[in-house]
1. Please indicate, with yes or no, whether at least one residue in segment 198-210 is away from the ligand (no atom under 16 Å from the Cβ), of a type in the set (Phe, Trp, Tyr) and part of a loop (DSSP other than H, G, I, E, B).
2. If we scan segment 175-189, do we find a residue that is of a type in the set (A, V, I, L, M, F, W, C), more than 30 Å from residue 128 (Cβ to Cβ) and within 16 Å of the ligand (Cβ to nearest atom)?
3. Does segment 227-260 hold any residues that are part of a helix (DSSP H, G or I) and under 14 Å from residue 202 (Cβ atoms), and which are they?
4. Inside segment 241-260, can you point out the residues that are surrounded by fewer than 21 Cβ atoms within 10 Å (Cβ to Cβ) and either within 15 Å of the ligand (Cβ to nearest atom) or not small (Gly, Ala, Ser) (or both)?
5. Within segment 149-184, can you find the residues that are hydrophobic (A, V, I, L, M, F, W, C), in contact with a helix residue (DSSP H, G or I) (Cβ under 7 Å, 6 or more places away or on another chain) and outside any strand (DSSP E or B)?
6. Working only within segment 261-288, note down all residues that are in a helix (DSSP H, G or I) and within 12 Å of the ligand (Cβ to nearest atom).
7. Please name all residue pairs, on different chains or six or more residues apart, with Cβ atoms under 6 Å, provided the first residue is in segment 339-355 and is without any contact (Cβ under 8 Å) to a residue 40 or more places away in the chain and among the polar types (S, T, N, Q) and the second residue is within 16 Å of the ligand (Cβ to nearest atom) and not in a helix (DSSP H, G or I).
8. Take the residues in segment 211-227 that are more than 16 Å from the ligand (Cβ to nearest atom) and not aromatic (Phe, Trp, Tyr); name whichever of them is surrounded by the fewest Cβ atoms within 10 Å (Cβ to Cβ).
Amino acid sequence: MSRYTVKPPAEAQHRVSFAVMALVMAVALLLTGFLSSKPMRVTVDGRSCSVPPGSRLSDLVTAGIAQSAAGNLIGVDGSVAKRGGGAPASFTLNGRPAPSQTRLYGSDVVESATGANLQEAVITTDVAIPFQVREEGRGPLSELRALGAPGVRRVTLGEVSGIEITSTVVMEPSDMVIGFARPVNGKFVVLTFDDGPYPTYTAGVLRVLKDYDVHATFFMLGLQVRRNPGLARQVVAEGHTVGNHTYSHKKLAKLPPAKIRWEIKKGREAIYKATGVNTRWTRPPYGSMGGKVWRQLSAQRLRVALWDVDSRDWKKPGARKIAASVLKHTKPGSVIIMHDGGGNRRQTVRALEIIIPQLKRRGYTFVTLDQLDEMRREDRAAAAAKRRAPSKASGAQPGGSSKRES
Ligand code: NI
């Protein structure tokens with residue numbers, strides 16, 4: 001009926017051709033993808049094998065296909081310092097040398113060669129030689145006679161293997177020397193009391209000392225001084241010597257240097273604040289010493305008094321037993337350790353009432369560490385004077401000293 005044939009609109013025609021093109025492209029892409037993901041056949045070191053597409057020569061080594069690998073790093077002693085640490089494996093590709101990053105294509109022919117061995121580098125370094133702590137002499141008083149210094153050893157060694165080739169001592173270490181000494185000749189004895197001041201017991205000890213007109217040395221804890229400043233002052237007022245037993249009674253040798261310094265300094269400061277005495281006498285808790293502790297003590301110019309007679313009063317075996325043990329071990333120049341703090345010290349006070357009169361009967365004189373120091377100084381001065389003028393000792397004139405030969 002109609003005179004007109006119905007034409008599809010132009011847009012619709014375009015749509016159809018687009019769809020066809022897209023389909024063709026998708027198929028093409030899929031095909032290339034399929035083809036490119038297919039393993040390639042290559043010949044490596046005479047053997048045919050397949051490798052993933054996109055492989056490089058270096059991948060043949062990692063995949064274990066190539067017969068050769070990197071060379072080794074050879075140590076200074078000739079042994080292998082690091083397997084595979086030498087030059088990398090080298091390749092020829094289709095008869096020509098090729099870098100390891102070269103890409104492989106199907107039917108390539110590869111020959112691999114093991115990389116060269118390399119010699120490890122030699123380095124020179126300085127190593128510290130630790131110094132020793134040496135003790136000289138015997139006795140309860142100790143002093144630092146030499147600070148000690150580490151030595152230096154120059155070493156050449158393999159950088160990787162760490163094997164030493166040469167070792168030369170550039171500087172010898174010098175020992176730290178700690179001298180121990182008996183205080184002075186003569187029948188002197190030093191009573192020392194640790195861990196106070198402590199209510200009741202410090203006062204008890206002071207009362208007994210006063211009764212017998214005897215002076216002693218008190219190694220106080222900074223913490224206790226802060227708690228009982230009045231007792232600390234009383235000790236000083238009654239003529240006794242005060243020493244520093246650190247601030248809080250830690251084992252110094254186990255602390256880091258900064259903490260050791262703090263313990264010593266704070267103890268001393270607390271004593272100074274309460275009593276006005278700037279003591280240099282120090283007794284590390286538990287007698288815990290060692291190089292680190294000595295360094296700090298020496299930096300603060302302090303002196304150490306340990307003991308040679310330990311009353312072990314802190315074990316509380318009874319006043320008689322404490323006294324008997326002290327009396328048994330005391331000899332001229334002894335430093336006796338007892339405690340006026342750290343617990344119930346009633347036995348200590350009672351033992352003291354036995355010890356003092358007994359030692360007095362035996363002819364001992366009780367001195368404090370300060371008095372002992374004074375006596376030592378006098379002894380030394382007298383000895384020095386004697387050395388300077390051995391023959392003219394009696395006829396030496398006071399004014400002639402400047403003309404003497406040294
Ligand atoms: Ni103590």
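1. Here is the first cut: in segment 198-210, the residues away from the ligand (no atom under 16 Å from the Cβ) are 199-200, 203-204, 206-210.
Going one step further and asking which of them are of a type in the set (Phe, Trp, Tyr), we end up with none.
Looking for residues that are away from the ligand (no atom under 16 Å from the Cβ), of a type in the set (Phe, Trp, Tyr) and part of a loop (DSSP other than H, G, I, E, B), one finds none in segment 198-210, hence no.
2. Within segment 175-189, the first condition is being of a type in the set (A, V, I, L, M, F, W, C), and the residues that meet it are 176-178, 180-181, 184, 188-189.
Okay, now just the ones that are also more than 30 Å from residue 128 (Cβ to Cβ), so 181, 184, 188-189.
Then drop every residue that is not within 16 Å of the ligand (Cβ to nearest atom), which leaves none.
Taking every residue of segment 175-189 in turn, none turns out to be of a type in the set (A, V, I, L, M, F, W, C), more than 30 Å from residue 128 (Cβ to Cβ) and within 16 Å of the ligand (Cβ to nearest atom).
3. So in segment 227-260, the residues part of a helix (DSSP H, G or I) come out as 227, 229-237, 252-254, 257-260.
Matches in segment 227-260: 227, 229, 230, 231, 232, 233, 234, 235, 236, 237.
4. First pass over segment 241-260, keeping only residues surrounded by fewer than 21 Cβ atoms within 10 Å (Cβ to Cβ): 248-251, 253-259.
Matches in segment 241-260: 248, 249, 250, 251, 253, 254, 255, 256, 257, 259.
5. Just the residues of segment 149-184 that are hydrophobic (A, V, I, L, M, F, W, C), to begin with: 149, 152, 155, 157, 160, 163, 165, 169-171, 176-178, 180-181, 184.
Those left that are additionally in contact with a helix residue (DSSP H, G or I) (Cβ under 7 Å, 6 or more places away or on another chain): 176, 178, 184.
184, the sole residue that qualifies.
6. Step one: filter segment 261-288 for residues in a helix (DSSP H, G or I), giving 261-275, 285-287.
If the condition is that a residue be in a helix (DSSP H, G or I) and within 12 Å of the ligand (Cβ to nearest atom), then 267, 285, 286, 287 are the ones that fit.
7. 347/316
8. Let us first name the residues in segment 211-227 that are more than 16 Å from the ligand (Cβ to nearest atom), namely 211-215, 226.
Narrowing the set further to residues that are not aromatic (Phe, Trp, Tyr) leaves 211, 213-215, 226.
Working: 211: 12, 213: 10, 214: 23, 215: 17, 226: 16.
Ranking the qualifying residues of segment 211-227, first place goes to 213.
Since every read-out is calculated from the coordinates, none of them should be taken as a lab result. Please read these numbers as outputs of a predicted model, since none were measured by experiment. Every residue, glycine among them, receives a Cβ derived from its backbone with ideal geometry; neighbour counts consider all protein chains shown.
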